[in-house]
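Note sheet for the following structure.
The values are calculated or read from the model by the stated rules, or taken from the named source; none is laboratory data. From a predicted model like this one, the values you see are computed outputs, not experimental measurements. Please note: Cβ atoms are built from the backbone with ideal geometry, for glycine as well, and neighbour counts cover all protein chains shown. Note: accessible area is taken over every heavy atom of the protein model, side chains too, but ligands, DNA and RNA are not part of it. Shrake-Rupley method; radii C 1.70, N 1.55, O 1.52, S 1.80 Å.
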Amino acid sequence: DIDRAYTLDVLTELRDYRVMLNLQYLIHLARACGVESTIEPVLSLPLGSNVVTLSEMARVYEAIITGNRYDPADAEVMTRLEAENRVDRDGPSLIDRIVTPEGREVYSRKAYATRIFDGRSSAGVSNILQNVVAYGTGKYAAENVALHSSNPDTAKKLAQIKRPLPLMGKTGTANEYRNAAFFGYVPVLSQDDPSQLSLENGYTVGVYTGYDINMPMVQGASRISGSRGALPAWSAIAQALIDYEQIGDKVDMADLQFNTGLPLRYPEVEQTFVPVDPKQGGRVVRGKAGLRQQEAPAFPASLDVGSQDKGVFEPKRNFEPFWRSQKGS
């Protein structure tokens, strides 16, 4: 029956069809995150075979971590600008506000949020990126970004205490070391609780390194990967943002001294932090109960949603196409 051959019941049993469908889903998801570059549905797409801009990748990371895409205008205006091919998503990011010599504000940047990812997906991936910095290839940032203070006495105390900051990010290295990158997120103090960091109103930062002529970054025995080339520059930017936010001057010294550092508070999505072993690829530690809380613990743990009984955690399946999140925003 030729009509039945092209029904979804039949097509979804074909591996090639499922692969094609997944590639198209990734392309539409990238579009929803603000990527405007052409993306071809090739099998090597997840490996980075398509070319996108630095700002587009930063927008993807911002959407993943915060759950939102941020536009320079509301949905109605954006639809009209897109139809006229006059969208400049980067323009408003360059100027925060314009003030006359008399002090009158004539322009102030405003971001319009559109929900892309559901809370569970954002929280889960954000925790993965946090673990990359704490225990993986992004560890340079954990060891080199710290709290500072303009007050000499406070600065001295902060240097003595020296607590790691919960940062998020991921390295990236191209074939033959032709380019490398690090993208991540710098959280800031929660507006309603200055003893915690929050994912709200933080900074998405992306750093790219490479030659204009696309030659390998290799000299002798040196190989410039994402952790060696892009991460140190990313860490310097993250440090500048931490200093700009004056987090070291605003935190309670007692909280730092008696705790293991500033905790990062995740949005409430009924999550459990399950203890894992980073030396075994993040394998779950059997028999050790997970923590049902919003703050990421100081020990290696993976954020997930599910149930646990007698120390055994059973994850709950989560499948939420991004367009459902958009409808709910």
Next on the checklist: Out of the residues in the range 30-40 meeting the condition of being farther than 17 Å from G67 by Cβ and open to solvent by 60 Å² or more (accessible area, probe 1.4 Å), tell me which one is nearest to the chain's Cα centre (by Cα).
Outcome noted: E36
Item to check | Unmet criterion (only one of (1) part of a strand (DSSP E or B); (2) modelled with pLDDT under 85) for R69 | outcome: (2)
Checklist outcome for this item: Residues in the range 22-66 that are part of a helix (DSSP H, G or I) and either among the charged types (D, E, K, R) or touching a His at 6+ places or on another chain (Cβ under 9 Å) (or both) total 4
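A quick yes/no check of all residues on (1) within 14 Å of I116 (Cβ to Cβ); (2) crowded, with 16+ Cβ neighbours inside 10 Å:
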{"site": "D3", "(1), (2)": "no, no"}
{"site": "L14", "(1), (2)": "no, no"}
{"site": "R18", "(1), (2)": "no, no"}
{"site": "L21", "(1), (2)": "no, no"}
{"site": "H28", "(1), (2)": "yes, no"}
{"site": "L45", "(1), (2)": "no, yes"}
{"site": "Y61", "(1), (2)": "yes, yes"}
Checklist entry - What single numbered condition from (1) open to solvent by less than 70 Å² (accessible area, probe 1.4 Å); (2) modelled with pLDDT under 95; (3) under 16 Å from the mean Cα position of the chain (by Cα) fails to hold for N201? => result (1)
Item to check | Output for the range 144-177, where each listed residue is surrounded by fewer than 17 Cβ atoms within 10 Å (Cβ to Cβ), of a type in the set (S, T, Y) and in a helix (DSSP H, G or I) | outcome: T154
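Which helices (runs of 4 or more DSSP H) sit wholly inside the range 247-329 and have at least 2 residues that are farther than 14 Å from S122 by Cβ, of a type in the set (A, V, I, L, M, F, W, C) and out of contact with any strand residue (DSSP E or B) (no Cβ under 7 Å at 6 or more places or on another chain)?
Values: elements: 247-250, 253-258, 322-327.
Passing ranges, in order: 253-258.
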Next on the checklist: So for the range 49-59 (the condition being at pLDDT below 85, touching a Lys or Arg at 6+ places or on another chain (Cβ under 9 Å) and either of a type outside the set (K, R) or over 25 Å from P187 (Cα atoms) (or both)), does at least one residue qualify?
Outcome noted: no
Item to check | Yes/no for R292 being open to solvent by 80 Å² or more (accessible area, probe 1.4 Å), basic (K, R) and at pLDDT below 85 | outcome: no
Item to check | Those residues of the range 236-287 which are exposed (fewer than 15 other Cβ atoms within 10 Å of the Cβ) and of a type in the set (D, E, K, R), in sequence order | outcome: K250, D252, E268, E270, D277, K279, R283, R286
Checklist outcome for this item: Per the filter on the range 1-35, residues touching a residue at least 12 places away in the same chain (Cβ under 8 Å) and either aliphatic (A, V, I, L, M) or out of contact with any helix residue (DSSP H, G or I) (no Cβ under 9 Å at 6 or more places or on another chain) (or both) are V19, M20, L23, Q24, L26, I27, L29, A30, A32, V35
Item to check | Residue in the range 209-229 that is surrounded by 15 or more Cβ atoms within 10 Å (Cβ to Cβ), in contact with a Leu (Cβ under 9 Å, 6 or more places away or on another chain) and outside any loop (DSSP other than H, G, I, E, B) present | outcome: no
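Return yes or no: is P232 open to solvent by 20 Å² or more (accessible area, probe 1.4 Å), at pLDDT 95 or above and not aliphatic (A, V, I, L, M)? I'd like the intermediate steps shown before the answer.
Values: open to solvent by 20 Å² or more (accessible area, probe 1.4 Å): yes; at pLDDT 95 or above: yes; not aliphatic (A, V, I, L, M): yes.
Spelling it out, P232 is indeed open to solvent by 20 Å² or more (accessible area, probe 1.4 Å), at pLDDT 95 or above and not aliphatic (A, V, I, L, M).
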